[in-house]
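To start, the structure itself, in structure tokens.
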Amino acid sequence: MYMVSSSTSQLGKIDLSSDAISASSYTNTIYSTASSGPMNFGLYRLPDQVDGENYYSFRGVDVAVISANTINGQANANPSWNSFYNCVAINQSVTATGSQGRIILTKVDASKNPIVGGGAYSATTTWSTIASLSADLRTFSGTSNELQNNNGYYKLEVQVKNSCDVITSVIWWLQINAAPTAASITLTLNDYATVGVPDAPVQTAPGLALGIYSGSFNLNNSTGTVTFWQIQIDEVTNTGAFVRTILPTATFNVSGVSGLTAVNFNTLNIPAIGAPVNWAGGTGFFANKAFGFYYKMTMTVGNDCGSSSNWSYVKYDCFCKMGQFIASNDNGKFVTTYPNPFDRQLTVNVPDGDIVKFSIINPLGSVLYEREFSGSETTGGVVQVETAELPRGAYIYKMEANGESVTGQIIK
């Protein structure tokens, strides 16, 4: 077998050091690579690969390579089962070299053995462009919509080949599941007034009043299969007009909803917000920036096949109720102090129209601070008591209003 130079139409041989063709007479002897020792004019090599092997020095067609293969963005867990629901698209994405591609889909049992007889299924699609492999496997051409109409276990072989018909493949083991029970949200929010008693969403502005330290939400009464929950928070005006997004839609993966009780808004990581909010980012946003503002909070629960949402307007215009109620009037108003433990300031809520006498007493019974506040004196029903001069320790606070009083312990 001789080779011919495309440029000179001469018989020739390949220089082993440069792969260049050098002219050679017809009388040169062709030697097998099995020959040992130097033989006359050297060994001749084939001008291109003819047997499908990847001979680098032939400068022929490379073996096809599958460089990326995902389904719904999920990497192959081979040899484990890759689980998907067939109620939504099962999108395969393939990146590969080569000339053509196809898939072979076979139904198997839980031990990965092909099913024979009744219930057996196998399909081999025609060779097509590699780009065609990136598609919804439920309705992949040539599979008769098998994965869309059925569930169970399948072997999926993704094949690509080069122009010499050398095949490279990747195997997936698929567990196809029917649609889960639909998720349905039951949203409630915990306000500052009815501690421990959740409130239904309020979709009329300005919305439900939440404490800036105690505002939280409950999703635990939602039903169905819940694998994630989402939240989006937008600042609005007191009439519900959009101002800015505080938290773009954030997704949290869960296994059910039993633990989604009293999830505090202050635990949410709020991204940095520029002027006029001037928030550096992080948790605790509602304890530091939310007082006197209004928000729309949209909550969602769902799974791969669907979701359910609800929302509420809320306003942050009060501090958290840390301790006991104080009987004040027929409207059930109360006074609170925050924080506990405290440091340089103690915040006291004074409802409009009430006159409250507030005292701080040390363990020996000495009154270290005493003052009467009325609701008309406050800013938004809140007054600040300066406590920087008090030494560290435990104290008794006393609140008196309408002839009744309540006491509690606070710590600095």
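The values are calculated or read from the model by the stated rules, or taken from the named source; none is laboratory data. Quick caveat: nothing in here was measured; it's all calculated off a predicted structure. All Cβ positions, even for glycine, are placed from backbone atoms using ideal geometry, and neighbour counts span all protein chains on display.
In the stretch 387-412, the qualifying residues are those that are at pLDDT below 75 and within 13 Å of K357 (Cα to Cα), and the one that is surrounded by the most Cβ atoms within 10 Å (Cβ to Cβ) is A401.
Just name the residue that is surrounded by the most Cβ atoms within 10 Å (Cβ to Cβ) out of those in the stretch 237-257 that are more than 19 Å from V314 (Cα to Cα) and not polar (S, T, N, Q). Here the residue is V257.
Is it the case that the stretch 373-386 has a residue that's on the phi < 0 side of the Ramachandran plot, surrounded by 13 or more Cβ atoms within 10 Å (Cβ to Cβ), at pLDDT 70 or above and touching a Ser or Thr at 6+ places or on another chain (Cβ under 9 Å)?
Filtering the stretch 373-386 for residues on the phi < 0 side of the Ramachandran plot gives 373-379, 382-386.
Subset that is surrounded by 13 or more Cβ atoms within 10 Å (Cβ to Cβ): 373-375, 378, 382-383, 385.
Keeping just the survivors that are at pLDDT 70 or above gives 373-374, 383, 385.
When the remaining residues are screened for being touching a Ser or Thr at 6+ places or on another chain (Cβ under 9 Å), the result is 383, 385.
Within the stretch 373-386, one or more residues are on the phi < 0 side of the Ramachandran plot, surrounded by 13 or more Cβ atoms within 10 Å (Cβ to Cβ), at pLDDT 70 or above and touching a Ser or Thr at 6+ places or on another chain (Cβ under 9 Å).
Restricting the first member to the stretch 206-229 and to residues that are assigned by TED's automatic domain parsing to the domain that holds F286 and at pLDDT 95 or above, and the second to residues that are assigned to a loop (DSSP other than H, G, I, E, B) and basic (K, R), no beta-carbon pair is closer than 9 Å while six or more apart or on different chains.
Taking the numbered list (1) modelled with pLDDT under 95; (2) within 19 Å of K161 (Cβ to Cβ) in turn, G117 passes all entries but (2).
Taking G101 as the residue in question, decide whether it is of a type outside the set (A, V, I, L, M, F, W, C), under 22 Å from D165 (Cβ atoms) and not in a strand (DSSP E or B).
Numbers: of a type outside the set (A, V, I, L, M, F, W, C): yes; under 22 Å from D165 (Cβ atoms): yes; not in a strand (DSSP E or B): no.
The answer is no for G101.
Per-residue answers, yes or no, for (1) among the acidic types (D, E); (2) surrounded by 14 or more Cβ atoms within 10 Å (Cβ to Cβ):
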{"residue": "V197", "(1), (2)": "no, no"}
{"residue": "Q230", "(1), (2)": "no, yes"}
{"residue": "E235", "(1), (2)": "yes, yes"}
{"residue": "V263", "(1), (2)": "no, yes"}
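Exactly one residue among V166, V158 is farther than 30 Å from W311 by Cβ, modelled with pLDDT of 95 or more and not assigned by TED's automatic domain parsing to the domain that holds N303, and that residue is V158.
Given the condition crowded, with 16+ Cβ neighbours inside 10 Å, under 30 Å from I246 (Cβ atoms) and at pLDDT 80 or above, answer yes or no: does some residue in the stretch 315-332 qualify? Within the stretch 315-332, one or more residues are crowded, with 16+ Cβ neighbours inside 10 Å, under 30 Å from I246 (Cβ atoms) and at pLDDT 80 or above. Scan the stretch 128-148 for residues that are among the hydrophobic types (A, V, I, L, M, F, W, C) and surrounded by fewer than 16 Cβ atoms within 10 Å (Cβ to Cβ) and the total you get is 1.
Here T70 meets the list (1) surrounded by fewer than 18 Cβ atoms within 10 Å (Cβ to Cβ); (2) more than 28 Å from the chain's Cα centre (by Cα) almost entirely, failing just condition (2).
Matching residues to (1) modelled with pLDDT under 70; (2) touching a strand residue (DSSP E or B) at 6+ places or on another chain (Cβ under 8 Å); (3) in a strand (DSSP E or B); (4) not aliphatic (A, V, I, L, M):
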{"position": "S32", "(1), (2), (3), (4)": "yes, no, no, yes"}
{"position": "G42", "(1), (2), (3), (4)": "yes, yes, no, yes"}
{"position": "D62", "(1), (2), (3), (4)": "no, no, no, yes"}
{"position": "S67", "(1), (2), (3), (4)": "no, yes, yes, yes"}
{"position": "N78", "(1), (2), (3), (4)": "no, yes, no, yes"}
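If you go through the stretch 107-120 and pick out every residue that is surrounded by 17 or more Cβ atoms within 10 Å (Cβ to Cβ) and not charged (D, E, K, R), you end up with 1.
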